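Here's the structure we're looking at; comments come further down.
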Number of protein chains: 2
Amino acid sequence: MADRGLPVAVPSTALFTDQYELTMLQAALRGGTAERQCVFEVFARRLPEGRRYGVVAGTGRVLDAVENFSFDEKVLDFLRQRGIVDGPTLHWLSSYRFRGDIHGYPEGEVYFPGSPVMRVQGTFAECVLLETVILSILNHDSAVAAAASRMAVAAGGRPLVEMGARRTHELAAVAASRAAYVGGFTSTSDLAAGFRYDIPTVGTSAHSFTLLHDSERGAFTAQVDSLGSDTTLLVDTYDVTEAVRAAVDVAGPGLGAVRIDSGDLLLLAHRVRHQLDELGATQTKIVVTSDLDEYAIASLAAAPVDAYGVGTQLVTGSGHPTASMVYKLVARADSDAPGAPLRPVAKKSMGGKTSPGGAKWAARQLDEDGVAMAEVVGTGEVPEELADRLLQVELVRGGKVVAREGLDAVRGRHKEALAGLPMSAMQLSRGEPVLPTEYV
Amino acid sequence: MADRGLPVAVPSTALFTDQYELTMLQAALRGGTAERQCVFEVFARRLPEGRRYGVVAGTGRVLDAVENFSFDEKVLDFLRQRGIVDGPTLHWLSSYRFRGDIHGYPEGEVYFPGSPVMRVQGTFAECVLLETVILSILNHDSAVAAAASRMAVAAGGRPLVEMGARRTHELAAVAASRAAYVGGFTSTSDLAAGFRYDIPTVGTSAHSFTLLHDSERGAFTAQVDSLGSDTTLLVDTYDVTEAVRAAVDVAGPGLGAVRIDSGDLLLLAHRVRHQLDELGATQTKIVVTSDLDEYAIASLAAAPVDAYGVGTQLVTGSGHPTASMVYKLVARADSDAPGAPLRPVAKKSMGGKTSPGGAKWAARQLDEDGVAMAEVVGTGEVPEELADRLLQVELVRGGKVVAREGLDAVRGRHKEALAGLPMSAMQLSRGEPVLPTEYV
């Protein structure tokens, strides 16, 4: 790994951290409060305006990040040279591993305002350090997954290809592909996402390939010669009608698909379908890919479109690029004596920043038909009737990850979670969260 | 480097690539067009709505990415196992290095619709592969730098701290810190950005530190004991007035700063300044950090605020998280014969996607007072009067990076570029690009 060139040369996840976490650690170590047992919770005070539900995504990446959160010599040298923390703190950091417990909503689950999507428990010292990296991952990935989920609802079962790598940071793109897959996308154009997460990858050609050739027909011939007639030919470089004719002429009626990347997609899809059918290419599919979002996808529901490629609006969360989750201390012990009881703490409300104290459980209450009707969040005892509807699962026990899972399981969970919500969750229009959050 | 846990395990930048670049390569290799000389250009068709100028950022990261764009065995195995490209293409990729030329606007420079911010020249094969990674970097970094620049204008010389790591992907955050610094920010809370790019880092404490203690005064005492009286105390956990009194009481009138993170900042800043002065803490600074954007910063211009911390709105480009630059083939040779002349090519306009063909130069035309009046973009000969106002510089020659530079130089260039624009560039209100783009 070259020092230069890779987008980052951070040897662990420990530096994905705001400086104040380390200075708080130093002050707490010196003040004798660092070893107090604490509970931190991750939650969003609200959903992005008009959204009906949120999607928990990134949990698997958080588990990886926690496992790799350690301070090697290079990192410690940096902290020492910059004078960021003192000698005793550096010494403490040198053997740091998170040894506490993490519970949370399993990845792919939906969430609502106030849902305690993750709960981190341990000493103040070990928990406070994880704030930034946990939030970075959950805020980014959940924002993308929420957009993906709405797009998948709008697509109504038609395949969705993630194509946004060029519209976001090169590594955010990899996480975005992953989150999109969780949210219901089918594949990605991003090879790094295929490599890293084993997501199916797709892609055939761009306008530059057509322009490279002396004629469009020449480009199609070259592509079919190399990739076979089952390939997808891009037909909007010059004139769509001529291109479709040339495409079927070159590839035969067994042509895999044509792609339309500009123009009035609704009109073009109908026209191209008609033309393809007339040319006998009745099995040839139509893929559209021009600045789509969930609304544009929905508007094509009645059009003869077989797959959608989505870029910008997916990787930027369709108007909401971050999920605005926070990581708050909600309970702590009064001393570092073993077994000292935890008591709820909270910042005083000012300007809307409320956060109820105490470690919380959450359960999804169902109506008589088994449809979710409320997100119940509470402290203390869980009411008996909710005991089998609890949402949080154990993710890390004593510093060991205990809930690693594959992306297909996560993807399946999201589908199920969505199916359990009231039908109004599927409306794209702006509205209130589809479940009220009830505190007990 | 563990296989798991790090946010990515991609051994080079070569996989930050959309699959179609490799399939186009395969088809072009087989069709005999891969070695045609080509010119690709990066430009934005428009600025985000209402913005007066764009900021080129990420160039340095692009140069690093191009240098590290190579296919090792692990990557080739992946491509082979997935059947993404054929044997001859894998063989070609195994020795791939970019050996062409890159020119572009130097980093920190401003740009306008159609400005050819980067020009990549070489064979089709070597240039087409770089599309995604170049766009990812420039689109992300330029979006953040543009927001940062507006915020710096609004702050009018007061320091700006980048605090957005928790609101974006953990590695996008590092690039965002870098872009913010280019755009005029002073420091960052993100330790990885300090480590990777040597940006000054800051940070002292969060609400959780206050809540950890049995009293606010106890928390302040612990912080001052450990970090010195020059530290920044967070005063909005409970009651601001009481907190300020306790803060000065504990730290003395030499207290470095107080931070306000919620509430009516304008009102609170005045009230806290008054209180600090009354307590004799006339040198104690006031830092504000609550969901700021360029408009909120501007609204505090007359308030006694000494520094701003900005998170969400910075890293998400203040409403425009991507710069929507594209990478287009604009000229190519008709054959791969050495010296074959390049001819302009362009996709036919449909639905507004125009892109004038031909390799372009760009110059910034000045009025008699030396103020910029137009962005002149042309093909062919450069008019004599513009010869010393050309914007593009040589970045890569024959595959070698020739224009590596430090961030402070880039930051300085941005300041200068901004100073050369008409005054209306500094207006935060929505408007047209401050320079018209003229094609000659």
In the set A:Arg52, A:Arg36, A:Arg30, A:Arg46, which member is in contact with a Gly (Cβ under 8 Å, 6 or more places away or on another chain), modelled with pLDDT of 95 or more and among the basic types (Lys, Arg)? A:Arg52
Checking B:Val244 against (1) within 29 Å of A:Val42 (Cβ to Cβ); (2) buried (at least 24 other Cβ atoms within 10 Å of the Cβ); (3) of a type in the set (Val, Ile, Thr), which single condition isn't satisfied? (1)
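In this structure, is B:Ala298 within 30 Å of B:Arg51 (Cα to Cα) and assigned to a helix (DSSP H, G or I)? Lay out the reasoning, then the answer.
Values: within 30 Å of B:Arg51 (Cα to Cα): yes; assigned to a helix (DSSP H, G or I): yes.
Here the answer is yes, as B:Ala298 does meet what is asked.
Among the listed residues B:Gln283, B:Gln313, which satisfies the condition of being assigned to a loop (DSSP other than H, G, I, E, B), touching a residue at least 12 places away in the same chain (Cβ under 8 Å) and closer than 18 Å to B:Arg158 by Cβ?
Details: B:Gln313 fails: assigned to a loop (DSSP other than H, G, I, E, B).
Exactly one residue qualifies, and that residue is B:Gln283.
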Complete set of residues in the range A:14-65 that are in a loop (DSSP other than H, G, I, E, B) and closer than 25 Å to A:Leu395 by Cα: A:Phe16, A:Thr17, A:Ala34, A:Glu35, A:Arg36, A:Arg45, A:Arg46, A:Leu47, A:Tyr53, A:Val56, A:Ala57, A:Gly58
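Do you know which residues across the range B:205-231 are within 9 Å of chain A (Cβ to nearest Cβ), polar (S, T, N, Q) and touching a residue at least 24 places away in the same chain (Cβ under 8 Å)? Lay out the reasoning, then the answer.
Taking the range B:205-231 first, the residues within 9 Å of chain A (Cβ to nearest Cβ) are B:205-214, B:218-219, B:221-227, B:231.
Next, from what is left, pick out any that are polar (S, T, N, Q): B:205, B:208, B:210, B:221, B:223, B:226, B:231.
B:Ser205, B:Thr210, B:Thr221, B:Thr231 - these are the residues of the range B:205-231 that are within 9 Å of chain A (Cβ to nearest Cβ), polar (S, T, N, Q) and touching a residue at least 24 places away in the same chain (Cβ under 8 Å).
Report whether or not A:Ala387 is away from chain B (no Cβ under 14 Å), out of contact with any Phe, Trp or Tyr (no Cβ under 8 Å at 6 or more places or on another chain) and open to solvent by 10 Å² or more (accessible area, probe 1.4 Å). Working first, answer last.
Numbers: away from chain B (no Cβ under 14 Å): yes; out of contact with any Phe, Trp or Tyr (no Cβ under 8 Å at 6 or more places or on another chain): yes; open to solvent by 10 Å² or more (accessible area, probe 1.4 Å): yes.
Yes.
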For the range B:168-199, enumerate the residues that are among the β-branched types (Val, Ile, Thr), more than 8 Å from chain A (Cβ to nearest Cβ) and open to solvent by 10 Å² or more (accessible area, probe 1.4 Å). B:Thr186
Kindly check whether there is at least one residue in the range A:140-158 that is under 30 Å from A:Pro48 (Cβ atoms), facing chain B (nearest Cβ under 7 Å) and modelled with pLDDT of 95 or more. yes
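A:Ala34: over 30 Å from A:Gln427 (Cβ atoms) and within 13 Å of chain B (Cβ to nearest Cβ), yes or no? Quick ask: steps written out before the conclusion?
Values: over 30 Å from A:Gln427 (Cβ atoms): yes; within 13 Å of chain B (Cβ to nearest Cβ): yes.
Yes.
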State yes or no: is B:Val202 facing chain A (nearest Cβ under 7 Å), open to solvent by 10 Å² or more (accessible area, probe 1.4 Å) and at pLDDT 95 or above? yes
Residues (more than 22 Å from B:His320 (Cα to Cα) and either assigned to a strand (DSSP E or B) or open to solvent by less than 10 Å² (accessible area, probe 1.4 Å) (or both)) located in the range A:154-167: A:Ala155, A:Leu160, A:Val161
In the range B:263-280, how many are closer than 14 Å to B:Val305 by Cα and either among the basic types (Lys, Arg) or within 14 Å of chain A (Cβ to nearest Cβ) (or both)? 9
With respect to B:Ala374, is the statement that it is in contact with an Asp or Glu (Cβ under 8 Å, 6 or more places away or on another chain), modelled with pLDDT of 95 or more and closer than 13 Å to B:Pro106 by Cα true? no
Is it the case that the range A:335-343 has a residue that's buried (at least 17 other Cβ atoms within 10 Å of the Cβ) and in contact (Cβ under 8 Å) with a residue 60 or more places away in the chain? yes
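The values are calculated or read from the model by the stated rules, or taken from the named source; none is laboratory data. It should be emphasised that the depicted structure is a prediction, and the values quoted were computed from it without experimental measurement. Note that we place each Cβ from the backbone using ideal geometry, even for glycine, and neighbour counts take in every protein chain shown. Calculation scope for accessible area: heavy atoms of the full protein, side chains included, ligands and nucleic acids excluded. Shrake-Rupley method; radii C 1.70, N 1.55, O 1.52, S 1.80 Å.
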